[in-house]
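Q: Quick one: this structure, given as structure tokens, is what I'll be asking you about.
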């Protein structure tokens with residue numbers, strides 16, 4: 001039985017490929033969609049018979065103000081439109097889920113949160129990677145104390161894609177690029193694990209696309225940990241997905257979601273890991289497989305169900321997205337000037 005009745009803004013790679021898939025897995029139903037492209041309109045009717053299609057957000061807001069079968073709105077439009085769409089939607093009073101990043105810069109992200117607060121409209125951000133089994137497993141490893149005092153966190157989101165896709169994420173110099181796309185996930189993951197960021201050093205390159213396709217961030221956390229975060233579409237040899245170094249050893253994940261990485265741990269290809277395992281504890285030549293924590297991206301929408309229908313806690317505090325935007329803004333300043341940038345108020 002369905003629980004949430006969902007309106008969606010956008011029905012492309014994110015809307016259809018991610019959000020709609022997760023909503024269906026949770027038993028929720030999409031009832032209204034903002035989309036204009038004829039092929040995507042056809043996809044909506046094929047996926048959700050009976051769903052109402054709107055040509056723009058204004059039409060959706062009018063329908064919701066008139067009543068409508070909507071419990072929550074999911075914004076999955078191109079990144080450069082997030083702030084504009086959320087500001088228009090909050091007036092309708094329905095809770096809003098925004099795909100990450102919340103906005104293209106800190107000022108816009110903060111303004112969106114403040115507008116939602118003025119209208120009293122609940123707002124959250126789709127930081128679904130908090131529910132990755134990898135992230136949950138690492139949390140458990142850190143809580144166990146087996147790594148001792150951690151001094152470095154490394155996470156890579158690297159692919160070999162020498163011929164880039166022809167879409168807005170690669171072509172839009174305002175809302176596209178790996179810094180805003182994958183960087184938002186990488187920074188959020190690091191902050192969730194190791195706390196606020198004090199300073200940022202960044203290297204950003206556009207090698208094969210109109211905007212960044214090769215990103216390196218070095219974050220200094222208030223607690224002393226340094227995070228090295230990398231995202232690239234031109235990595236012919238993707239590095240280990242995650243490596244955490246501490247005085248008691250290391251935690252290593254060599255692959256991510258089946259994407260190949262040319263590394264061996266424990267004498268076995270990473271793809272040979274049994275399903276219940278998620279990475280390794282490594283101390284020199286000694287390796288121990290780590291049990292995979294239970295979780296998945298559907299859990300984000302289960303948290304949304306609780307938030308919307310049962311007055312549960314907000315799945316992701318939108319103020320977290322403002323802090324992430326501040327780190328990404330600092331990364332741009334750092335890369336432009338080849339300097340370390342301090343984060344005000346960290």
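Coordinate-derived values only; no laboratory data. These numbers were taken from a predicted model, which means no experiment stands behind them. Cβ coordinates were reconstructed from backbone atoms using ideal geometry, including for glycine residues, and neighbour counts include every protein chain displayed.
Q: Order these peptides, 320-330, 110-120, by their mean beta-carbon neighbour count within 10 angstrom, highest first.
A: Ranking the peptides 320-330, 110-120 by packing returns 320-330, 110-120.
Q: Moving to a separate point now. Give the calculated FRET efficiency between residue 340 and residue 46 to the nearest 0.05, with a Förster radius of 41 Å applied to their Cβ-Cβ distance.
A: The calculated FRET efficiency here is 0.20.
Q: Same structure again: What FRET efficiency do you get for residue 247 and residue 203 if R0 is 22 Å and r is their Cβ-Cβ distance, rounded to the nearest 0.05?
A: My answer for the efficiency is 0.20.
Q: Determine one quarter of the surface area of the Cα convex hull of the stretch 123-182, which equals its mean projected area, and express it in nm² to one decimal.
A: On the way: hull surface 27.3 nm².
So the Cα hull casts an average projection of 6.8 nm².
Q: Then there's this: Quick check: the angle from helix 106-119's long axis to the longest principal axis of the chain, C-alpha only, nearest 10 degrees?
A: That works out to roughly 40 degrees.
Q: Also: Measure nothing but the geometry: give the 0 to 90° angle between the long axis through the Cα atoms of 318-337 and the longest principal axis through the Cα atoms of the chain, rounded to 10°.
A: The two axes meet at around 60 degrees.
Q: Let me ask you something else. What do you get for Rg/Rh over the stretch 1-87 if you use C-alpha atoms and the Kirkwood form of Rh?
A: My calculation of the ratio gives 0.93.
Q: Another question about this same structure. Based on alpha-carbon centroids, what's the gap between the stretch 193-207 and the stretch 280-331 in Å, whole number please?
A: Centre-to-centre (Cα) distance: 19 Å.
Q: The stretch 1-37 to the stretch 102-120: how many Å between their Cα centroids?
A: 23 Å
Q: Rank the residues 11, 201 as a footprinting-exposure proxy: fewest other Cβ atoms within 10 Å of their Cβ go first.
A: If I rank by nearby Cβ atoms, fewest first, I get 201, 11.
Q: Sorted from fewest to most neighbouring beta carbons within 10 Å, what does the list 317, 166 look like?
A: With the fewest neighbours first, 317, 166 line up as 166, 317.
Q: Mind ranking 13-21, 94-102 by how tightly packed they are, going by the mean number of other C-beta atoms within 10 angstrom, highest first?
A: Descending mean neighbour count gives 94-102, 13-21.
Q: Now a separate question. What nm value, rounded to one decimal, do you get for the distance between residue 291 and residue 91 when each label is placed 7 Å out toward the C-beta?
A: That separation, rounded to one decimal, is 5.3 nm.
Q: How would the stretch 163-254 be classified by its alpha-carbon gyration tensor: rounded, prolate or oblate, with rounded meaning a/c under 1.5 and the a/b versus b/c comparison settling the rest?
A: Prolate, since a/c reaches 1.5 and a/b exceeds b/c.
Q: Where in the stretch 115-138 does the amide nitrogen come within less than 15 Å of the point 7 Å from the Cα of residue 317, taken along Cα to Cβ?
A: 123-125
Q: Also: What is the stretch 83-207 by shape, rounded, prolate or oblate, if you read a ≥ b ≥ c off the alpha carbon gyration tensor as root eigenvalues and call it rounded for a/c under 1.5, prolate for a/b larger than b/c, and oblate otherwise?
A: Numbers: a/c = 2.08, a/b = 1.26, b/c = 1.65.
The shape class here is oblate.
Q: Starting from the Kirkwood radius over alpha-carbon pairs of the chain, derive D by Stokes-Einstein at 4 °C in a medium of 1.567 mPa s and give it in µm² s⁻¹.
A: Stokes-Einstein gives a translational diffusion coefficient of 62 µm²/s.
Q: Now, a different point. Rounded to two decimals, what is Rg over Rh for the stretch 158-200 when you use alpha-carbon atoms and the Kirkwood radius?
A: Ratio of gyration radius to Kirkwood radius for the stretch 158-200: 1.09.
Q: I'd like the FRET efficiency for residue 65 and residue 36, computed as 1/(1 + (r/R0)^6) with the beta carbon distance as r and R0 of 30 Å, rounded to 0.05.
A: 0.90
Q: Further, regarding this structure: Roughly how tilted is helix 133-144, in degrees to the nearest 10 and between 0 and 90, from the longest Cα axis of the chain?
A: That works out to roughly 50 degrees.
Q: Another one. Calculate the spin-label point distance for residue 257 paired with residue 237, positioning each point 7 Å from the Cα along the beta-carbon direction, and give it in nanometres.
A: Calculated label separation equals 2.5 nm.
Q: Shifting gears a bit: Using the 10 angstrom Cβ neighbour count as an exposure proxy, how do 59, 189, 144 rank, fewest first? Numbers along the way, then the final one.
A: On the way: 59 14, 189 22, 144 11.
So the ranking, lowest neighbour count to highest, is 144, 59, 189.
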